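The values are calculated or read from the model by the stated rules, or taken from the named source; none is laboratory data. These numbers come from a predicted model, not from an experiment. Glycine gets a Cβ as well: all are built from the backbone with ideal geometry, and neighbour counts include every protein chain shown. With ligands, DNA and RNA removed, areas are computed over all heavy atoms of the protein, side chains included. Shrake-Rupley method; radii C 1.70, N 1.55, O 1.52, S 1.80 Å.
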Amino acid sequence: MTTTMAKTDIKTGKLERYGLTDDKLRALLRNMLLQRQLDNRGFQLNRQGKVPFALGSEGHEALQAGAAMAFERGKDILAPYYRDLGLCLGIGLSPYEILLSIFARAADHNGGRQFPNHYSSKQAGLMSFSSILAAHIPHAVGAAYAIKYRGEQGRAVLVTSGDGTTSEGEWHESMNFAAIHELPMVMLVENNEWAISTPLDKQMAQPEIWKRAAGYGMPGRRFNGFDPIETYGAVKEAMDRARSGGGPSIVEGTCYRYLAHSTDDNDMTYRTKEVVQERRKNDPVPRFEALLVEYGVMSERDVEAMRKDVLRETNDATDRAEAMPYPQPSDLYTHVYEGAWEPWQ
Amino acid sequence: MVPKVDTSFERHDLTDEQLVALLRTMVAHRTLESRGFQLNRQGKIPFASAGEGHEAVQAGAAMAFRRGVDVLVPYYRDLGLDIGIGVTAYEILLSLFGRAADHSAGRQFPHHYASRKLGLYSISSVIAAQLPHAVGAAYAMKLRGEERAVLTTCGDGATSEGEWHESMNFAAIHRLPVVVLCENNEWAISTPLSKQMAQPDIYKRAEGYGMPGVLVDGMDPVACYAAVKTALDRARSGGGPALVEAKCYRFLAHTTDDDDRTYRSRDEVAERRKRDPVPLFERTLIENGVMTADDVEALKRSVLDETNEATDRAEAMPYPKPEDLYTNVYSANFQPWQ
Amino acid sequence: MAVSSSATSTVMNNVEAVRATLYEALKSDDRTVILGEDVGARGNVFLITKDFINEFGPQRIIDTPIAEASIVGIAVGMAMEGLRPIAEIQFADFIYPSFNQIVGEAAKTRYRSNGEYTCPLVIRTPYGGGVRGALSHSVSIEALFYHVPGLKIVAPAFPADVKGLLNAAIDDPDPVLFLEHKKTYRLIKGEVPDGHYTIPLGKANLLKEGTQLTVVSYGLYVHWALEAAQKLQEEGLSVEVIDLRSIRPMDKGTILRSVEKTRKLLIVHEDNKFGGIGAEISAMVAEEALFHLDAPIRRLCAPDVPAMGYALPLEEEYMSSPGEMAEAMRELVRF
Ligand SMILES: Cc1ncc(C[n+]2csc(CCOP(=O)(O)OP(=O)(O)O)c2C)c(N)n1
Ligand SMILES: Cc1ncc(C[n+]2csc(CCOP(=O)(O)OP(=O)(O)O)c2C)c(N)n1
Ligand SMILES: [Mg+2]
Ligand SMILES: [Mg+2]
């Protein structure tokens, strides 16, 4: 599979920007840089023995930054999965909130209950989800049903999953129901070709997930998830359709998982360094930096300054979050049900 | 949507004897099912279900099944398929009456036959639960390098289950020798196809899994035979799985516990009855000189005689004994506290 | 416990009580939607939702595809997004595909989001045997779910309790599994107070007072235990009968007060014994009231087989009859 920045290819001489201003393009890059920095930070903290677990999304930056930009804050709902750090940043979570989650501090949205990367924020429209693959997809469908049922115009649900997750029964049941009821929902598949150690060809017999859409009676489309602008264009088109009563669709972004699945995984047991290095040549972060410089959106110095700023923000957030307290032992017992609770009454 | 009537008679590789056998299966299917409904109305059995409208697809598919070689993993509406691969009228009546001599010793609902000898797998009433089993059986065949295939069936409603999806995907990944025959009768109890899926062609899902999808007129037994045979032949010879969708119709209520007048019009049913596959196929055979009208009558009489005889014999058989409740929970006697 | 807003009442069976309560819920709160297989034109296989679709429309009475995981999962999403869904699993035997959504998702949503997202959701399902339902239309499922923190479970036996508890379940801010014994659907009739009322979850009902033995049960067997206890009354034996009504939470006070009085305990349920509801009740009583007991606790439950068979003798052997219950009561009283 080739992974060039097709629509933004320098050779065409013209940048297809789907209406994105220079500011928006810079915001895209900043999100991508921040994702990578925060991912690294998680891995560093894990190596330093400060956190037990971290999960990286290197290779997903462009896809997530682009998709997040198509999300309308204050209106849309995001039902993400655990690899969506960048999407959650892009819809409004701060690096400090990310680090609270990594450190499992009491001030974290979930009070330190969930694994890192399992954010939720009602205010941001970010639905709570578990680590169970595909379990959140029916929830997204239910939320989309509620939006449609109440006749709310201009709102839609953006739900994401990995390629491996499409094999789950709940993925199928959700697509079918969304199509029957023409719900305002977009199924964004982040196809990074791996599910832990399982390559795509052991996950499905034909590699193009978007082709399943026709079988459900909804539109499907594939886009280059290494290109944040193309991603934005594709996801925005789908979200606009969903928001305006046009029903659901499946959009599949191709990308790659550069790191191991998580800090608990060693990917060299199932794939070679060479393969990963080859795919690194298309790393979306340096390529997008180069593109913005090429088109005069930013200078090299601007990029350098942005990187520094992102690092500073990450460091600040790390220090602040680390200094925060853990939840109390007594916090184990709250929010099982509403109010105090005893199974024997 | 009514599939187009095909007036040209294409017999494929079927001999006259096989064509007559097809009709016999269809007639036996219908007769035995009416018997179930009669017995229920007489208060002799608590429950019966029927596949009127499915006779053609099931008789055709059964003829494509290789006895002694293939495995059938059916669903609860497959009486005709079961008859077609060798389940006898007597066995069917034993199951309807819930007698001890029944294959499941009276444990299962009617129409949940199982027979190792016939290659007929045991199923539950739980929708789509049989599909992963079919896929697992096909995996075993492939692993052992056998030239065999699994025929598994389901209704249109069953395609909505997660297990259906997971099974299709796995069968395609491993190119397993399994044919999924979907008997699309446009209804799932009271749920019409339009509430089951947004587009009405189940076979179109096949592409998304990377396997062939085939559409066939489920009211034409010969066409169904040909479609299923092609798919099973390919599966046996290493060509991988296929999804065959046969469009048919459910003429009766879902079961004796259902009243379909609450959710569909008599006009709709009457309109679809015009393509009732049983009289349609009788006519085809007569018009093409395979049988005379007298032959058809004789066949029907013989099926009815057989059904009557089987009814009397099965009814006279004893129920299982109370202590039979405790056997075959595990391989040996078992107590949870040891 | 019923707080009736009206002194009048109507005689109903359990089907009618469920139906009337659902109807009121739909009428009084347009956030309420019902989703499940065949709940629309067919009006549910037991006709509980008959004609609802005509009055409330297909947006609120949702005929789903046959896909139980998503029936519950979509209801979870609806609940998270502010609707009040009532999901129906057509038969309890078909709830297994939705196990993940009930146990892994609905029951954990509040906890995992630290209270930010909640899941006010009712899952109704008919369960239980005695109707020739064979292996896949007769099971009891409560023991598989009552282990799960975050979930509540109700299993009423009488029409008035059906109404009060279903109202409470619908109002409840957390997920509730509402179990309806299908054999009681048309068999059991009773006075149901008119108007809106709720019965709090976790409150048992002392149905019959007695002094020599406490019998605890729920669902269909409450009726049979009562029948047996009345028979024993004629023989001069005095048996107290408690209808649990709620399985999670469960009413400790009513059970302990009774056991401290009668000093003997028999637990009767249709679900099989090993790891069943009776095991938890036995353990609680052993922990809290061991020295009040004059006899070992006894449980009369189904045998350790997967389900009742189709043939009549297999079903009868699986289930306990009022006669068997009476015999167990006699033995324990005489102990
Ligand atoms: C139901 C379930 N099964 C298995 C797992 C373990 N698991 C966690 S991530 C993962 C791979 C997911 O792959 P994919 O959907 O492609 O997402 P990616 O991690 O590649 O982004 C697996 C198998 C799980 N969390 N949930
Ligand atoms: C898992 C599960 N859910 C629900 C049911 C109840 N049920 C029995 S048959 C049926 C309809 C099936 O429709 P379809 O698959 O189209 O087959 P048909 O009966 O039309 O042949 C339903 C919902 C079941 N048996 N299993
Ligand atoms: Mg992946
Ligand atoms: Mg059907």
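Which of the residues belonging to the range B:76-126 are open to solvent by less than 10 Å² (accessible area, probe 1.4 Å), among the hydroxyl-bearing types (Ser, Thr, Tyr) and touching a strand residue (DSSP E or B) at 6+ places or on another chain (Cβ under 7 Å)?
The one that is open to solvent by less than 10 Å² (accessible area, probe 1.4 Å), among the hydroxyl-bearing types (Ser, Thr, Tyr) and touching a strand residue (DSSP E or B) at 6+ places or on another chain (Cβ under 7 Å): B:113.
Being under 19 Å from residue C:172 (Cα atoms) and at pLDDT 95 or above narrows it down to one of C:86, C:61, so name that one.
C:86
Please go through the range A:297-321 and give me each residue that is assigned to a loop (DSSP other than H, G, I, E, B) and open to solvent by 60 Å² or more (accessible area, probe 1.4 Å), ordered by number.
Within the range A:297-321, no residue meets the criteria.
Matching residues to (1) more than 24 Å from residue A:125 (Cβ to Cβ); (2) more than 11 Å from chain A (Cβ to nearest Cβ); (3) among the aliphatic types (A, V, I, L, M); (4) not in a loop (DSSP other than H, G, I, E, B):
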{"residue": "C:65", "(1), (2), (3), (4)": "yes, no, no, no"}
{"residue": "C:71", "(1), (2), (3), (4)": "yes, no, yes, yes"}
{"residue": "C:75", "(1), (2), (3), (4)": "no, no, yes, yes"}
{"residue": "C:85", "(1), (2), (3), (4)": "no, no, no, yes"}
{"residue": "C:93", "(1), (2), (3), (4)": "yes, yes, no, yes"}
{"residue": "C:104", "(1), (2), (3), (4)": "no, no, no, yes"}
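Given (1) open to solvent by 10 Å² or more (accessible area, probe 1.4 Å); (2) without any contact (Cβ under 8 Å) to a residue 24 or more places away in the chain; (3) more than 22 Å from residue A:235 (Cα to Cα), where does residue A:110 come up short, assuming only one miss?
Residue A:110 satisfies all of (1) open to solvent by 10 Å² or more (accessible area, probe 1.4 Å); (2) without any contact (Cβ under 8 Å) to a residue 24 or more places away in the chain; (3) more than 22 Å from residue A:235 (Cα to Cα) except (1).
Applying the selection to the range C:82-101, what residues are charged (D, E, K, R) and either surrounded by fewer than 24 Cβ atoms within 10 Å (Cβ to Cβ) or within 15 Å of ligand 1 (Cβ to nearest atom) (or both)? Working first, answer last.
Taking the range C:82-101 as the starting set, the residues that turn out to be charged (D, E, K, R) are C:84, C:88, C:93.
If the condition is that a residue be charged (D, E, K, R) and either surrounded by fewer than 24 Cβ atoms within 10 Å (Cβ to Cβ) or within 15 Å of ligand 1 (Cβ to nearest atom) (or both), then C:84, C:93 are the ones that fit.
Go through the range A:244-282 and count every residue that is among the charged types (D, E, K, R), open to solvent by 10 Å² or more (accessible area, probe 1.4 Å) and closer than 24 Å to residue A:85 by Cβ.
7
Residue B:195 fails exactly one of the following numbered conditions: (1) over 21 Å from residue C:90 (Cα atoms); (2) open to solvent by 30 Å² or more (accessible area, probe 1.4 Å); (3) within 8 Å of another protein chain (Cβ to nearest Cβ). What is the number of that condition?
(1)
Within the range A:179-290, considering only helices (runs of 4 or more DSSP H) that don't extend past its boundaries, which have at least 2 residues that are under 21 Å from the mean Cα position of the chain (by Cα) and touching a residue at least 40 places away in the same chain (Cβ under 8 Å)?
By residue number, A:228-243.
So, in the range B:139-164, exactly how many residues are open to solvent by less than 10 Å² (accessible area, probe 1.4 Å), more than 14 Å from every other protein chain (Cβ to nearest Cβ) and either of a type in the set (Gly, Ala, Ser) or closer than 25 Å to residue A:135 by Cβ (or both)?
The total comes to 1.
Given the options C:222, C:239, C:192, name the one that is buried (at least 18 other Cβ atoms within 10 Å of the Cβ) and more than 27 Å from residue C:334 (Cα to Cα). First the steps, then the outcome.
On the way: C:222 fails: more than 27 Å from residue C:334 (Cα to Cα); C:239 fails: more than 27 Å from residue C:334 (Cα to Cα).
Selected residue: C:192, the only one of C:222, C:239, C:192 that is buried (at least 18 other Cβ atoms within 10 Å of the Cβ) and more than 27 Å from residue C:334 (Cα to Cα).
May I ask you to list the residues in the range A:59-107 that are in contact (Cβ under 8 Å) with a residue 60 or more places away in the chain, more than 19 Å from residue A:143 (Cβ to Cβ) and among the small types (Gly, Ala, Ser)?
Within the range A:59-107, A:59, A:62, A:65, A:66, A:94, A:104, A:106, A:107 meet the criteria.
State which residue is farthest from residue B:168 (Cα to Cα) when the search covers only the range B:187-218 and only residues that are within 15 Å of ligand 4 (Cβ to nearest atom) and in contact (Cβ under 8 Å) with a residue 60 or more places away in the chain.
It comes out as B:190.
With respect to residue B:129, is the statement that it is within 14 Å of another protein chain (Cβ to nearest Cβ) and in contact with a strand residue (DSSP E or B) (Cβ under 9 Å, 6 or more places away or on another chain) true?
Numbers: within 14 Å of another protein chain (Cβ to nearest Cβ): yes; in contact with a strand residue (DSSP E or B) (Cβ under 9 Å, 6 or more places away or on another chain): no.
No; evaluated as a whole, the condition is false for this residue.
Can you tell me how many residues in the range C:130-150 are surrounded by fewer than 23 Cβ atoms within 10 Å (Cβ to Cβ), more than 7 Å from every other protein chain (Cβ to nearest Cβ) and at negative phi?
Looking only at that region, the number is 8.
Restricting to the range B:24-48, count the residues that are under 19 Å from residue B:88 (Cβ atoms), polar (S, T, N, Q) and touching a Ser or Thr at 6+ places or on another chain (Cβ under 6 Å).
Count: 1.
For the range A:56-66, indicate whether the set of residues that are more than 14 Å from chain C (Cβ to nearest Cβ), crowded, with 24+ Cβ neighbours inside 10 Å and modelled with pLDDT under 95 is non-empty.
yes
Looking at C:67, C:41 in this structure, which one is open to solvent by 10 Å² or more (accessible area, probe 1.4 Å) and without any contact (Cβ under 8 Å) to a residue 40 or more places away in the chain?
On inspection, the qualifying residue turns out to be C:41.
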